[in-house]
Amino acid sequence: MNLNEFLPTIEPENLYAPVMAEITEIKRLTSMEVFYRIELPDGAELGHQPGQFVEVSIFGVGEAPFSISSSPTHKGSFELGVRKAGMLTDVMTRLQPGTKLGIRGPFGTGVDVEKFKGKDVLIVAGGIGLVPMRSMINYVLDRREDFGRLIICYGSRSEQDLLFTDEIAKWEADPKVEFHVTVDQGGEGWKGNVGVITTLVPGLDLDLTNTACCVCGPPIMYRFVLMALKSKGLSDESIYMSLERRMKCGVGKCGHCQINSSYVCQDGPVYHYPDLKNLQEAL
């Protein structure tokens, strides 16, 4: 497969000019998160990598960055999972299919899938971190022959906060997927693991010489997940991390996402863990 077909194709003069795209499907995921399927005009493809993001604008309201949740192997549209967290996202929750949105992107550095090929893939996702990791998960599933085992560890605050529950059921039933889930607080009907996401790591059976891991979740999660993975024997070189924080413009101009010498919107969101060690504020 030629990875170039998935690389961004935006020309520099168009970085600031949104393309008007149409929402074709809206689905409630939880009380706070909503799923959107979006089509670009004239059948254009987004041309993204797993882990990249787009800027979404509603004229007269504002603009914000959102992770792309669909795999680049899925043609004809792309998908977002959006948490209600401000004025723009509040307006988005009231939109209907057929509404037009402004789209810029894709932006940022995504997962270098070539570094994962031929290896077991471990995904560690906490909360809304499953949104961008879903892109990588479905990429691996659609290119199954290029990868070894697919191991997913997903943690959520509660059963009611679990995202993409229909797909979770498929992953749990798929013999080619090793799916592990935990919730911080289990209700009366919850039969699975209860505890923070790091409680899933000790029970994993990993091939330490042939595993590549990608981690995404709330900032407080990273330090403890790293400790758990390293106590398991996973090397720094095997770990990639998605830091979705403080991004605004998407093109390295506003400085909102700057961490020392790095701009998350350009050098990230996906970083190779060894490259993060010199960014003292990152974790």
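Every number here is computed from the coordinates shown, using simple stated rules; none is lab data. This structure is a prediction, so every number in the text was calculated from the model and none was measured. Don't worry about glycine lacking a Cβ; one is built from the backbone with ideal geometry, like all the others, and counts go over all protein chains shown.
Remarks
- Dimensionless Rg ratio for the stretch 3-107, taking C-alpha atoms and the 2.2 N^0.38 Å reference: 1.01
- Between amide H atoms placed 1.01 Å from N, distances below 5 Å from residue 111 occur with 51, 52, all of them 5 or more places distant or on a separate chain.
- Rounded if a/c under 1.5, otherwise prolate or oblate - the stretch 201-282, Cα gyration tensor axes: prolate
- For the stretch 223-283 and the stretch 163-187, distance of Cα centres in Å: 26 Å
- Gyration tensor verdict on the stretch 63-114 (Cα atoms; rounded if a/c is under 1.5, prolate if a/b is larger than b/c, oblate otherwise): prolate
- Among beta bridges that DSSP assigns inside the chain, antiparallel share in %, nearest 5: 55 percent
- For the chain, the longest principal axis of the alpha carbon atoms and the long axis of helix 130-142 meet at an angle near 80°.
- Helix-only mean residue ellipticity at 222 nm for the chain, each DSSP H run of n ≥ 4 adding -39500 (n - 2.57), per residue, nearest 500: -4500 deg cm²/dmol
- For the stretch 116-193, a simple Cβ point-charge model (Lys and Arg +1, Asp and Glu -1, everything else neutral) yields a dipole of about 320 debye relative to the Cα centre.
- Sorted on the mean count of surrounding Cβ atoms within 10 Å across their residues, most packed first, peptides 96-108, 263-275 read 263-275, 96-108.
- The angle between the Cα long axis of helix 219-231 and the longest principal axis of the Cα atoms of the chain comes to about 30 degrees, rounded to the nearest 10.
- Cα gyration tensor category, rounded, prolate or oblate, for the stretch 113-242 with a/c compared to 1.5: oblate
- Formal net charge of residues neighbouring residue 226 (Cβ-Cβ distance under 12 Å; K, R +1; D, E -1): +3
- Cβ distances below 4.7 Å define possible disulfide partners, and in the chain the cysteines left without one are 153, 213, 214, 216, 257, 265.
- In order along the stretch 190-201, phi translates into HN-Hα couplings of 7, 9, x, 5, 10, x, 5, 4, 5, 5, 7, 5 Hz, rounded to whole numbers, per the Karplus curve 6.51 cos²θ - 1.76 cosθ + 1.60 with θ = phi - 60° and x for Gly and Pro.
- Convex hull per residue volume in Å³, alpha carbons only, for the chain: 131 Å³
- Put simply, when 146-155, 22-31 are sorted by average Cβ atoms within 10 angstrom per residue, most first, you get 146-155, 22-31.
- Backbone phi angles across the stretch 110-119, fed through the Karplus curve with coefficients 6.51, -1.76 and 1.60 (θ = phi - 60°), yield HN-Hα couplings of x, 6, 7, 5, 5, 6, 9, 4, x, 10 Hz in residue order; Gly and Pro are listed as x.
- Formal net charge of residues neighbouring residue 183 (Cβ-Cβ distance under 14 Å; K, R +1; D, E -1): -2
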